[in-house]
């Protein structure tokens with residue numbers, strides 16, 4: 001695994017995964033066979049204090065209003081909620097994570113027929129996501 005530095009965090013990627021683009025401050029990571037795509041959205045930093053459960057509820061309101069239920073997760077040093085759902089073409093896994101004053105949303109999608117194929121690899125990658133100290 002190679003360590004990659006992004007504007008606000010570091011992340012380790014296996015050789016078969018690579019940054020494909022960085023557009024509108026969204027980091028896009030794809031596996032070499034093009035099955036799965038991870039998108040890491042720019043963080044939200046709470047100026048006064050820490051990100052709370054109420055903040056997470058606000059960030060996930062649209063998904064909950066659509067009838068989805070998240071499950072509590074720990075991802076490396078982050079905690080938050082994971083939502084899984086399908087649309088017409090893709091299977092989605094969306095994490096809403098917090099650590100101290102930092103909130104980040106991560107989405108991973110693949111074609112429906114590939115659902116679950118890269119879940120372990122994606123989980124391993126996300127477990128290495130750490131905010132940069134500087």
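Only one of 39, 30 is closer than 23 Å to residue 82 by Cα and either touching a residue at least 24 places away in the same chain (Cβ under 8 Å) or in a loop (DSSP other than H, G, I, E, B) (or both). Can you tell me which?
Values: 30 fails: either touching a residue at least 24 places away in the same chain (Cβ under 8 Å) or in a loop (DSSP other than H, G, I, E, B) (or both).
Of the residues listed, the single one that is closer than 23 Å to residue 82 by Cα and either touching a residue at least 24 places away in the same chain (Cβ under 8 Å) or in a loop (DSSP other than H, G, I, E, B) (or both) is 39.
Being modelled with pLDDT under 90, part of a strand (DSSP E or B) and crowded, with 17+ Cβ neighbours inside 10 Å is a condition met by at least one residue of the stretch 7-23.
Considering (1) under 24 Å from residue 116 (Cβ atoms); (2) over 14 Å from the mean Cα position of the chain (by Cα); (3) surrounded by fewer than 18 Cβ atoms within 10 Å (Cβ to Cβ), the lone condition that residue 79 does not fulfil carries the number (2).
For every residue, the table says whether it meets (1) out of contact with any helix residue (DSSP H, G or I) (no Cβ under 8 Å at 6 or more places or on another chain); (2) exposed (fewer than 12 other Cβ atoms within 10 Å of the Cβ); (3) at pLDDT 95 or above.
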{"position": "61", "(1), (2), (3)": "yes, yes, yes"}
{"position": "68", "(1), (2), (3)": "yes, no, yes"}
{"position": "73", "(1), (2), (3)": "yes, no, yes"}
{"position": "84", "(1), (2), (3)": "yes, no, yes"}
{"position": "107", "(1), (2), (3)": "yes, no, yes"}
{"position": "123", "(1), (2), (3)": "yes, no, yes"}
{"position": "133", "(1), (2), (3)": "yes, yes, no"}
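Residues of the stretch 93-128 that are part of a loop (DSSP other than H, G, I, E, B) and closer than 23 Å to residue 48 by Cα: 100, 101.
The values are calculated or read from the model by the stated rules, or taken from the named source; none is laboratory data. All of these numbers come straight from a predicted model, not from anything done at the bench. Using ideal geometry, Cβ is built from the backbone for each residue, glycine included, and neighbour counts are taken over all protein chains shown.
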